Amino acid sequence: MDPGAILDLFAGLGPIRLRRMFGAQGVYLDEVMFALAAGGELYLKVDAVTLDSFRAAGSHPFTYERQGRTARLNYWRLPDAAMEDPDEAARWARLALDAARRSSRKRPNTRAQSPA
């Protein structure tokens, strides 16, 4: 999926930003990566709260080969019904944003703290 199409599809969310990464592109809103464009497909962040919704919509996970094994990320393909409908795409993207925000809150802060 080309960058312009991604920006158009999610225009209703606010200022979307794309960043190249490992042959793919991360899709960001407010410094939160909520989607991944890879191999001509668009994948959205999922977690335990949203996974069943993506499954029910017929979505599938992003996978890639790594050291002879198939690896899977917590990004699932944007459902077909949302590919041509910005309102539907925005609805799914909001689920992905919520999942990405929940995921970022779970990560511990590993930066060194400077003494006060």
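The values are calculated or read from the model by the stated rules, or taken from the named source; none is laboratory data. Because the structure is predicted, anything quoted here is derived from the model rather than measured. Note that we place each Cβ from the backbone using ideal geometry, even for glycine, and neighbour counts take in every protein chain shown. Remember, those area values only see protein heavy atoms, side chains included, never the ligands or the DNA or RNA. Shrake-Rupley method; radii C 1.70, N 1.55, O 1.52, S 1.80 Å.
Observations, loosely collected:
- Of the residues making up the range 54-68, just one is in a loop (DSSP other than H, G, I, E, B) and of a type in the set (A, V, I, L, M, F, W, C), namely 57.
- Filtered residues of the range 43-64 (kept if more than 15 Å from the chain's Cα centre (by Cα) and under 21 Å from residue 1 (Cβ atoms)): 57, 58, 64
- Residue within the range 100-109 that is open to solvent by less than 30 Å² (accessible area, probe 1.4 Å) and touching a Leu at 6+ places or on another chain (Cβ under 7 Å) present: no
- Residue, most open to solvent (accessible area, probe 1.4 Å), within the range 1-32, restricted to residues that are within 18 Å of residue 73 (Cβ to Cβ) and hydrophobic (A, V, I, L, M, F, W, C): 22
- The sole residue among 56, 35, 71 that is surrounded by fewer than 12 Cβ atoms within 10 Å (Cβ to Cβ) and at pLDDT 95 or above is 56.
- All of 69, 101 fail the test of being of a type in the set (Lys, Arg) and touching a strand residue (DSSP E or B) at 6+ places or on another chain (Cβ under 8 Å), apart from 101.
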